[in-house]
Structures are given as structure tokens and as C-alpha cells.
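Working notes, beginning with the structure itself.
The values are calculated or read from the model by the stated rules, or taken from the named source; none is laboratory data. Note that the structure is predicted; figures quoted are calculated from it, not measured. So basically every Cβ, Gly included, is an ideal-geometry build from the backbone, and we count neighbours across all protein chains shown. Each accessible area value is taken on the protein alone, full model and side chains, heavy atoms only, with ligands, DNA and RNA left out. Shrake-Rupley method; radii C 1.70, N 1.55, O 1.52, S 1.80 Å.
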Amino acid sequence: MRVAILGKRDGWHVRSLQRSLGCRGIDASCLSATRFLSRCGGAPPLESGGVDLAALDVLFVRSVPGGSLEQVIYRIDALHRLESLGVRVVNTAAVIERTVDKLFTLATLEGAGLPVPATVACERFDQAMEAFAELGGDVVVKPLFGSEGRGMLRVDDPELADRVFSALEQQRYVFYLQEYLPHGNCDYRVFLMGGEVLGAMRRCGTGWRTNVAQGGRVAPVEMDRELERLALEAAAVVEADYLGVDILRTDDGRTMLLELNGIPGWRGFLKATGIDAGEVLIHRVFGRRQPAVLCTPGR
């Protein structure tokens, strides 16, 4: 069985997957998307770091680094090409495309009839200022591409909005504004595997950010019917092998889908629930083989 992981060599999730695979006698190398080399009319058709990617059975995608538009498209196209060559890519390029762009994801969820926060995206400063007022003068500004809460900013003052939007316009960013919804500084991450709920955790921050990477505290939570229904319906839209679904419950009782994560982390989920989602993923992909040695979650 030939397996590789696309990600950061010293990354926690890469090492976690390598441990689980090693328990099954599978040695998985870590490769970088920034080293993709593609050929047409020559062999191998696609490689990274000297490894023939077309010879793989499975490629686990743990990161697709940002870059220029050309670089990002090139990296995603490489994953599509691998699938056409018979390599199983987890998650698929299509799932990553459906979940990496916050606006596209949110519009897809809304199109499926699911509840999402009021959101405006635009390119011009004047449009952004109008959207700021339209959304009540209290918004969360997010990067269109990004994860772990990086680059998010709450803007609740017109003067601050003027400065922030001016800076973003100079850098040619797309404005992505979402109404701020009071939520007791907590939200929910539901983890799904193969269209089934694996578990859920509650994330709470000292401020409005709840992301674990930003210092959010985690705790297990019992799934109620509404959380389970929303998570399953959201997952059905993107057809992922595994998926993180972020859900917000507002102080006035509304429940909203915030984001989907097609390359979800499970370090916080493991801490909250004791469930090693990486180990479960390996079981799902390779079957429930008896490991040669006891597999234990990474710390």
C-alpha cells in the first residue's frame, strides 16, 4: 500500500496520521504541494520531492498552502489530475474547492435552504462602507480564504471601518463582511466522518473568537436533534470523507451555520471528546484491520 500525506512535515496532524498508518505497517511520507512538478508527454505525470504521485494508492491532504491565484489553481488542479489517474485523494479536490472559499460555501449552504448569517462580499471601499451600515454597524471582517480564526477582525465603529476598509482596498482584498451575532463567546464544532456524526465539542473564548488556535477552550457536548440535523444536511452538500461543521447559537435563540472545513483539525476535538478522528479516518479508508501494535492518540 503506497500512501503519502500532503502537509507540513513537522505538523501535529501529519505525525498523528503517520502513527496510525504505522500501526498498520504503512509508511507514509510527507510531501509538499509547493513542490508539485507536472508533465504532459513525459513520466511521471506528477511528482513532489522526487516521489511519483501517480504511483500512490492514497494521498491524504492536510494542507494546501496559499499563494498567488495561479499557484492555488495549479495545486488544486494537480489534485484533480491525481484523482483522474486513479489515486484516492482525501478529501477530494472538489471538497476542498467547496469549502476553502467562505463565500462560495455560505452561498451553497443558503442555496440548500440552510440558515446562515447575513453576509456581504464586495471589492470596492464604498460598497464595503454601505454593507457595514446594512449589517447594523457591527460586523466580523474575515479573509475569503483562511482558517483557525486568522485575520478575523470585529468592526463596530464607522471610523475603524473607514481605516480597515481603506487598508484592505489598497491591498486589493475582497471585502467579506458578516453580521456580528452575540453568542456568549461560544460555538460548536461538529465532526463528521462518511456522512455520520462522529461527535461534537463546544468552543468558548475569552472574547468573541472561539477558535482553538486562538486560545479557545473546548468541552464535549451532547448532540441535540437540531445540531445533528444541521451538521448532516451541511455535510450532504459537499460529500466529504470527513468534515468539520461550525455552528453558532445566538443569544436570541437562533442557530446558524458559520463555515465548513474540508481539512479539519482534530487536536482540540481529541482533547474534548477522547476520540482520535485521524485514527477513525484511517479505519474508514483502509478497513478495520488489527494493528500490529497498540495505536494511541498523539499528544
Condition met for residue 231 (closer than 24 Å to residue 63 by Cα, without any contact (Cβ under 8 Å) to a residue 60 or more places away in the chain and part of a helix (DSSP H, G or I)): yes
Residue 98 closer than 21 Å to residue 285 by Cβ, over 16 Å from the mean Cα position of the chain (by Cα) and among the charged types (D, E, K, R): no
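Residue by residue, here is whether (1) open to solvent by less than 60 Å² (accessible area, probe 1.4 Å); (2) in a loop (DSSP other than H, G, I, E, B); (3) of a type in the set (Val, Ile, Thr); (4) free of Cβ contacts under 8 Å to residues at least 12 places away in the same chain holds:
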{"position": "144", "(1), (2), (3), (4)": "yes, yes, no, no"}
{"position": "161", "(1), (2), (3), (4)": "yes, no, no, no"}
{"position": "169", "(1), (2), (3), (4)": "no, no, no, no"}
{"position": "183", "(1), (2), (3), (4)": "yes, yes, no, no"}
{"position": "188", "(1), (2), (3), (4)": "yes, no, no, no"}
{"position": "192", "(1), (2), (3), (4)": "yes, no, no, no"}
{"position": "197", "(1), (2), (3), (4)": "yes, no, yes, no"}
Residue count for region 72-107, restricted to those that are modelled with pLDDT under 95, among the hydroxyl-bearing types (Ser, Thr, Tyr) and surrounded by fewer than 20 Cβ atoms within 10 Å (Cβ to Cβ): 0
Residue 152 being closer than 22 Å to residue 246 by Cβ and surrounded by 14 or more Cβ atoms within 10 Å (Cβ to Cβ): yes
Pair list, Cβ < 9 Å and 6+ apart or interchain, from region 110-133 residues that are at positive phi to residues that are open to solvent by 50 Å² or more (accessible area, probe 1.4 Å) and in a helix (DSSP H, G or I): 113/233
When residues of region 221-252 are limited to those that are modelled with pLDDT under 90, surrounded by fewer than 19 Cβ atoms within 10 Å (Cβ to Cβ) and in contact with a helix residue (DSSP H, G or I) (Cβ under 9 Å, 6 or more places away or on another chain), the one farthest from residue 89 (Cα to Cα): 223
Looking only at region 16-41, and only at residues there that are open to solvent by 40 Å² or more (accessible area, probe 1.4 Å) and of a type in the set (S, T, N, Q), the one that is nearest to residue 57 (Cα to Cα): 29
